[in-house]
Amino acid sequence: MKVIIAPDSFKGSLSAPDVANSINKGVKKAYAGIKTVLLPVADGGEGTLETLISATNGKTVETPVIGPMGDEINASYGILGDGKTCIIEMATASGFMLVSENKLSPLQATTFGTGQLIKKALDDGFSSFIITLGGSATNDGGVGMLQALGMKILDAKGRFLSYGGGYLNEIDAIDVRTFDKRIKKSKFVIASDVQNPLTGLNGASHIFGPQKGASSEDIKLLDDNLSYWADKVAELTGIYLHNLPGAGAAGGLGGALKAFFSAEIKRGIDVVLDYIKLNDHLLHADLVITGEGCVDHQTNSGKTPLGVAQAAKKENVPTIILTGTIGNEIEKLYDYGVVSVNSIIDKPMSLNESMSKTSQLLERSAEQITRSYFYNCMRI
């Protein structure tokens, strides 16, 4: 018997490798002779860099950058095992988790540090990039990133535009002549599961602004400002980001990458599954166990459990999902080879208690579903 264990992290509790290890312990408790293959996964959000570095025996390079709120921090980019491909996880330089909740402000948050990471990698000789867009604290349309790479984005007085989405309506001139020439000679793949356009009710500001600390008044201003920025981009490039799918990822960073990098957008989970060679490991597998902290309607948009289940279904391997919280509209997952979605919570408990016991709860749940699944298989 062979079981593939391919979970994402349980955010705030355990990293993806730790989740995989806990599930593995439970599977082995059920049947010690089961062959297990541990493949921690990420879907393009936080943790993708760690996952791909681990899967390919790569390494990281640390460098000081400007963080999302303008202070200097240390961030890292990754070099995959091939020694040629660089991975930039924007969340390590411009991410939500770098800012305390009471200081979140997409009006001021900048992607400048993400641009600095790209510039550092270019300086180090790389020309093949994967850029992951999940977990941003920003809503600046990628303007900060472009500024860090030499583009002059100026206000009416010819001054360097201030950081943040709150100032985009002050843009008067865009000078691309000083934009890093190496960008055109490089290859960029965007790893993202977000298909939202840049502006409008389904755009970056309205959908993701609240979780970044934006008030209702902020959201209107940010959306108007992104629309103004998109008008400027259209005048300059002929590319209309307003309704472009994926342009709203990471507060509009996806749009800047599409307009000025000619980047290809792929589902984050597909990029990761390709690098960890899930399809190869699925050969002769009997079961896949995956999971993440919450499974709900958003899972259907390309989160880890969906991507893993879709790949497994192609090889006729069933998938079981473990999660902390089960939300609405999970029924669609059954169309993609998911056998069942199981909460690891085994009795009434607070969120803090469940998060502190995630490892034990995963182990226990994994043991029980493994016993049940293979017992029933042996009876058939």
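The values are calculated or read from the model by the stated rules, or taken from the named source; none is laboratory data. Small disclaimer: the values here were computed from a predicted structure and weren't measured. Please note: Cβ atoms are built from the backbone with ideal geometry, for glycine as well, and neighbour counts cover all protein chains shown.
I want to confirm something. Restricting to the stretch 360-371 and keeping residues that are surrounded by 19 or more Cβ atoms within 10 Å (Cβ to Cβ) and of a type outside the set (A, V, I, L, M, F, W, C), which single residue is nearest to Leu282 (Cα to Cα)? Here the answer is Thr370.
The set of residues in the stretch 174-211 that are in contact with a Leu (Cβ under 6 Å, 6 or more places away or on another chain), more than 19 Å from Leu241 (Cβ to Cβ) and in a helix (DSSP H, G or I) contains only Arg182. Among the residues of the stretch 151-167, at least one is in the same structural domain as Met97 (by TED's automatic domain parsing), of a type in the set (Asp, Glu) and either touching a Cys at 6+ places or on another chain (Cβ under 9 Å) or more than 30 Å from Leu273 (Cβ to Cβ) (or both).
Considering only the stretch 88-97, I want to know if a residue exists there that is assigned to a loop (DSSP other than H, G, I, E, B), surrounded by 22 or more Cβ atoms within 10 Å (Cβ to Cβ) and not assigned by TED's automatic domain parsing to the domain that holds Arg371. The answer is yes; a qualifying residue exists. Checked against the criterion of being free of Cβ contacts under 8 Å to residues at least 60 places away in the same chain, surrounded by fewer than 21 Cβ atoms within 10 Å (Cβ to Cβ) and under 21 Å from Asn196 (Cβ atoms), the candidates Lys332, Lys347 yield just one match: Lys332. All conditions in (1) within 30 Å of His284 (Cβ to Cβ); (2) aliphatic (A, V, I, L, M); (3) in a loop (DSSP other than H, G, I, E, B) hold for Ile345, with the sole exception of (1). Taking the criterion of being more than 18 Å from the chain's Cα centre (by Cα) and closer than 27 Å to Phe96 by Cβ, the residues of the stretch 12-37 that qualify are Asp18, Ala20, Asn21, Ser22, Ile23.
Residue by residue, here is whether (1) among the aromatic types (Phe, Trp, Tyr); (2) at pLDDT below 95; (3) assigned by TED's automatic domain parsing to the domain that holds Tyr163 holds:
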| position | (1), (2), (3) |
| --- | --- |
| Ala191 | no, yes, yes |
| Gln195 | no, yes, yes |
| Leu221 | no, no, yes |
| Ser227 | no, no, yes |
| Leu236 | no, no, yes |
| Tyr275 | yes, yes, no |
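One residue stands out among those in the stretch 284-298 that are more than 19 Å from Ser15 (Cβ to Cβ) and touching a Lys or Arg at 6+ places or on another chain (Cβ under 9 Å): the one that is surrounded by the fewest Cβ atoms within 10 Å (Cβ to Cβ), which is His284. Each residue in the stretch 245-265 was checked for being modelled with pLDDT of 90 or more and surrounded by fewer than 20 Cβ atoms within 10 Å (Cβ to Cβ), and 1 of them qualify.
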